[in-house]
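Asker: Here it is, the structure, as structure tokens.
The values are calculated or read from the model by the stated rules, or taken from the named source; none is laboratory data. In this text, all values refer to a predicted model and were calculated from it rather than measured experimentally. Every residue, glycine as well, gets a Cβ built from its backbone with ideal geometry; the counts of neighbours run over all protein chains shown. Surface accessibility is based on the protein's heavy atoms, side chains included, excluding ligands, DNA and RNA. Shrake-Rupley method; radii C 1.70, N 1.55, O 1.52, S 1.80 Å.
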Amino acid sequence: MTTADPYTYFAPTGGHPPQTDLLTDRAIVTEAYTVIPRGVMRDIVTSNLPEWTGTRSWVLSKPVAGGAVTFSQTILEVAPGGGAEKPEPQVEVEGFIFLMAGELEITHEGQAHTLTPGGYGFLPAGSTWSVKSTGAEAARFHWIRKRYQPVAGLNPEAKFGQESDVEPAAMPGTDNRWRTTRPLDPDNLAYDMHVNIVTFEPGAVIPFAETHEMEHGLYVLEGKAVYRVNGDWVEVQEGDFISMRAFCPQACYAGGPGRFRYLLYKDVNRQVEL
């Protein structure tokens, strides 16, 4: 990234379309995947959360029969001064926050961390934390939650940082045109979830149908592309969300004109429970 080419983070703002709009959009729900386009993230589909003040939310994914079951993913919009003293109601659940707009202060175990757009925080299960919107505009961010799968002797640490401070890793043989930014150490088995930022330059592709056990929550931060899910090619643009169940075949073609970037959840590093 250069000063002339900064990262951008699309965040929904709600509102309602005019009565003259057609209702046709790209929303799709199947047993293999779900697509929620940005055009359906309107005021009428928001939820309030009892632990939070000055807050509304768009729930993008939660465990459902026939779909992804390991995680929930929600976009929260917190007005200046709003937040929560005890955000997480389940002690066994870990969380990852990624900020797209505004300013957010997370106080974890008594230590304050200020996030600006592109900032993130991993909150281990059972830890004590609070959150407050401290900017002049509403804070808009992703909150990904997963029930932690403990392993004896492994204890994940809290992690806070900024995307721009993490060196992306190029995928082999792509001349850095397909690269992944990993806020959490992929070799640390204490973490049973990863949330990465994946970047494609125009024309870059995932050149095979990935078919694996990991579930995904994929939110487009920037640009547009065609994404292959199961047997379908689906057009996506910044602000769209895709949930993929385990073993859903997937691939991608970034057609341009600009780069294509998304935030990606996946469950990792654990034996299959039978």
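Asker: What's the FRET efficiency of ALA65 with LEU23 using the Cβ-Cβ distance as r and R₀ = 30 Å, to the nearest 0.05? It would help to have the intermediate numbers written out before the result.
Answerer: Numbers: r = 27 Å, r/R0 = 0.89.
Calculated value: 0.65.
Asker: With a probe of 1.4 Å, find how much accessible area the chain has per residue, and write the answer as a whole number in Å². Working shown, then result.
Answerer: Values: 13060 Å² over 274 residues.
With the other protein chains kept in place, the chain gives 48 Å² per residue.
Asker: Between region 5-31 and region 131-200, what's the alpha-carbon centroid distance in Å?
Answerer: 25
Asker: Once the other residues with Cβ under 15 Å from the Cβ of ASP175 are scored (Lys, Arg +1; Asp, Glu -1), what is the net sum?
Answerer: +2
Asker: Among (1) 19.2; (2) 21.9; (3) 18.5, find the value of Kirkwood radius over Cα pairs in Å that was calculated from the structure presented, and write down its label.
Answerer: Here Kirkwood radius over Cα pairs in Å agrees with entry (1).
Asker: Another one. Sum up the charges of everything whose Cβ sits under 12 Å from the Cβ of TYR148, counting Lys and Arg as +1 and Asp and Glu as -1, but leave TYR148 out.
Answerer: Values: positive: ARG145, LYS146, ARG147, ARG270; negative: GLU88, GLU92, GLU94, ASP192, ASP267.
Surrounding charge for TYR148 is -1.
Asker: Rolling a 1.4 angstrom probe over the protein chains, ignoring ligands and nucleic acids, what is the accessible area of GLU210 in square angstrom, nearest 10?
Answerer: Roughly 40 Å² of GLU210 is accessible to a 1.4 Å probe.
Asker: For region 134-198, which whole percent of the accessible surface, found with a 1.4 angstrom probe, sits on carbon and sulfur atoms?
Answerer: Numbers: 1520 of 3260 Å².
Taking all protein chains in place, region 134-198 shows 47 percent carbon and sulfur surface.
Asker: Given R₀ = 41 Å, what would the calculated FRET efficiency be for ASN155 paired with THR30, taking r from the Cβ atoms and rounding to 0.05?
Answerer: 0.60
Asker: When ranked by the protection proxy of mean other Cβ atoms within 10 Å per residue, highest first, what sequence do the peptides 111-122, 135-146, 37-48 form?
Answerer: Numbers: 111-122: 18.9, 135-146: 20.5, 37-48: 14.7.
Going from most to least packed, we get 135-146, 111-122, 37-48.
Asker: Considering just Cα atoms, how many Å³ per residue does the convex hull of region 161-274 enclose? List each step's numbers first, then the result.
Answerer: Working: hull volume 12.7 nm³, N = 114.
Taking the convex hull of the Cα positions in region 161-274, it is 112 Å³ per residue.
Asker: Can you bin every Cα-Cα distance in region 91-224 into 10 Å intervals starting at zero and give me the percent of pairs per bin, rounded to whole numbers?
Answerer: Result returned by the calculation: 11, 37, 35, 15, 2.
Asker: GLU235: net charge of surrounding residues, Cβ under 9 Å, Lys/Arg +1, Asp/Glu -1, itself excluded? Show your work: numbers first, answer last.
Answerer: Numbers: positive: ARG26, LYS224; negative: ASP240.
Combined, the nearby Lys, Arg, Asp and Glu give +1.
Asker: Would you list which aspartates and glutamates come within 20 Å of LYS132, measuring only between C-alpha atoms, while excluding same-chain residues fewer than 8 positions from it?
Answerer: Candidates past the 8-residue exclusion: GLU51, GLU77, GLU85, GLU88, GLU94, GLU103, GLU105, GLU109.
Asker: Also: GLU213 label point, 7 Å along Cα→Cβ, cut-off 15 Å on backbone N: hits in region 42-69?
Answerer: In region 42-69, the label zone of GLU213 (backbone N under 15 Å from the point 7 Å along Cα→Cβ) covers 69.
Asker: Which of the three applies to region 173-220, rounded, prolate or oblate, going by the alpha-carbon gyration tensor with a ≥ b ≥ c and a/c under 1.5 meaning rounded?
Answerer: Numbers: a/c = 1.94, a/b = 1.53, b/c = 1.27.
Taking the square roots of the gyration eigenvalues as a ≥ b ≥ c, region 173-220 is prolate.
Asker: Computed on alpha carbon atoms, what radius of gyration and Dmax characterise region 216-274, expressed in Å?
Answerer: Expressed in Å, the Cα Rg and Dmax of region 216-274 come to 12.8, 46.
Asker: Hey, got the Cα dimensions of region 58-145 along the principal axes, in Å, largest first?
Answerer: 41, 25, 19
Asker: Using a simple spin-label model with points 7 Å from Cα along the Cα→Cβ vector, what separation in nm is obtained for THR8 and ALA112?
Answerer: My value for the distance between the label points is 3.2 nm.
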